[in-house]
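K.L.:
Pasting in a structure now, in structure tokens, and then I'll have a few things to ask.
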Amino acid sequence: MLGWLSDSESSSWLASGVAHLAVVVLLSLLVITQQGKGPDWTLEGTATSELPQELDIELNPMPSVGDELDSESMAPKAMGLPDLELGTPSVDITQPMLTPTATASVDAFATEMLDIGNPLASAGGGLEGRNLDNRRSLALAGGGSESSEAAVEAGLKWLAAHQLEDGSWTFHLDAEHCPQCAGKCRNPGRIDSSTGATGLALLCFLGGGYTQHEGPYQEVVSKGLYFLINKMLLTSEGGDLRDSQEISLPFARQASVRLRGDMYSHAIASLALCENYAMTRDSNIAGPAQKAIDFIVNAQNELGGWRYEPRQPGDLSVTGWQLMALKSGVLGRLDIPRHVWYRAAEFLDSVQAEKGATYGYQQPSSTRPSMTAVGLYSRMMIGWPEEHPPLLKGAVLLAKEHPKDSNMYFNYYTSQVLHHVGGAGWRRWNPRMRNYLVQTQAEEGHEDGSWYFDEPWSDRGGRLYTTTLAILTLEVYYRYMPMYQSEFVNQAP
Ligand SMILES: [Zn+2]
């Protein structure tokens, strides 16, 4: 699975512990210092005059002081669905985002420092559980049930029935946007991003082991991948999957690009391409997956995070999706400069509290369980070892939470974190989460197999959004192999 980390490397890496982390922090500071010397990069005409409100809403928050949010600020961006009312940005795609010489020197330095251990990931976390022959047994052994597996299949069936002719999915379910449904399902979304919707749907099929080469959904997956690849806008900074529209080049250099999505959409679509490539090594996917990764690399802010537009100062929610895509790029052995990980670690440092046990959206916080779940999951993806005290402390805090009936974003991330850590916290959380989803799946009419939860932001992503997060949560038993549970680690083929 992960040839870049041998058993011996794993042992030394685990042993390096806290001392290694201190070096990472030091190196991150050096990286930032060097990056800061590069030229300013500007995005012309972006819709940043009204920065979107913070999305992460804690409906049952830990005790907090003065952290009230109004209903409007709670609405839009929970998992990243772009705010279409922000306008139609015009992007100058001819201007480079990043100075190649600066990244090259940092990368060389970072590579040299990496001799002390591999900071990128544990040896677990691979995709080999997505095997149609082994999936059921992994699910049953890992805390799933026959009912949860049936729910996944019913959910995928609903998704397949709502795929559009061109291979895409839409958050809208009305006759104009989705003739297959034509409003027969309630609770449509109202976001236009086709790449975000398509990426989410594809992730559900891939998570269940279904690809363009395996299983009954080969045509569904193939058409979805084809749509994404055709949607990719090739730029000097990589392949842009933010769902660009109406490109015109009337006078050479200045391109007018209408965007319907943002870096959320790009990351989700990129994650689908990278996961697919990691699973299949399909040569048709390799190039687009690498270009999607390149765009993420070049869109990173100099302080290490990502936000709605390239190189905006980051927020943890958008950053988490980029890191998931990058981690899948690692699994596919795509080319990712080392400095990206160090800078990401620096960003995570900037929003952590309690020495990294808890996280905030753009500032440190100890009162945001959703952000803590994203932050800890991000830390796992860039290589925190299981025994690192803040990771364990944070996981214990999350394990004290209950699955929320109105926050699938929190439920999804917390399921990932607790599954990887395992132990009593996971055993307590899992049956509650699993049974809740099994019991809340629609069983009648066109909605059969889907989910909808009355969340503050679900009017934006709608039934497609809530259904995909529910499926991905129920696929937790095999979608990624646990990073830390010893029986799964170091099973590299
Ligand atoms: Zn429908």
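K.L.:
Relative to a virtual label point 7 Å from the Cα of D448 in the Cα→beta-carbon direction, which members of the stretch 176-205 show backbone nitrogen distances below 11 Å?
P.N.:
So the set is empty, nothing qualifies.
K.L.:
Do any trypsin sites (Lys or Arg not before Pro) in the stretch 352-401 lie in a DSSP loop with no more than 13 other beta carbon atoms within 10 Å, and if so, which? Don't jump to the answer; show the numbers that get you there.
P.N.:
On the way: sites: K355, R379, K393, K400; in loops: K400.
Answer in residue order: K400.
K.L.:
Can you list residues from other chains, or at least 5 along the same chain, whose modelled amide H is less than 5 Å from the amide H of H162?
P.N.:
none
K.L.:
Also, I was wondering about something else. Is there a pair in K157/K291; K157/K223; K355/K404 whose C-alpha atoms are over 21 Å apart, and which pairs would that be? Walk me through the intermediate numbers first.
P.N.:
Values: K157/K291 31 Å; K157/K223 16 Å; K355/K404 26 Å.
Checking Cα-Cα distances, K157/K291; K355/K404 exceed 21 Å.
K.L.:
Can you give me the long-range amide H partners of S450? Hydrogens built in the peptide plane at 1.01 Å from N, cutoff under 5 Å, separation of 5 or more residues or another chain.
P.N.:
A442
K.L.:
When the Cα centres of the stretch 430-466 and the stretch 257-303 are compared, how far apart do they sit, in Å?
P.N.:
The two parts, judged by their Cα centres, are 27 Å apart.
K.L.:
Can you tell me which of 329-340, 441-452 comes out highest on packing, and rank the rest after it, using the mean Cβ neighbours within 10 Å?
P.N.:
Details: 329-340: 20.9, 441-452: 18.2.
Order by mean packing, descending: 329-340, 441-452.
K.L.:
Could you put R242, R427 in order of accessible surface area, largest first, with the 1.4 Å probe and the full protein assembly present?
P.N.:
R427, R242
K.L.:
Around T235, which amide H atoms from residues at least 5 apart in sequence, or from another chain, sit under 5 Å from its own amide H, with H modelled in the peptide plane?
P.N.:
Close amide H contacts, sequence-distant or interchain: D240.
K.L.:
Counting only heavy atoms of the protein chains, get the accessible area per residue of the stretch 261-418 (1.4 Å probe) and round it to a whole Å² value.
P.N.:
23 Å²
K.L.:
Would you kindly calculate the translational diffusion coefficient of the stretch 287-437, applying Stokes-Einstein with the Kirkwood radius from alpha carbon pairs, for 4 °C and a viscosity of 1.567 mPa s, and quote it in µm² s⁻¹ without decimals? Please report the intermediate quantities before stating the final value.
P.N.:
Numbers: Rh = 15.6 Å.
Reported coefficient: 83 µm²/s.
The values are calculated or read from the model by the stated rules, or taken from the named source; none is laboratory data. Keep in mind the model is a prediction, meaning the values are calculated, not measured. Virtual Cβ from ideal backbone geometry, glycine too; neighbours counted across all protein chains shown. Keep in mind that these areas ignore ligands, DNA and RNA; they rest on the heavy atoms of the full protein, side chains included. Shrake-Rupley method; radii C 1.70, N 1.55, O 1.52, S 1.80 Å.
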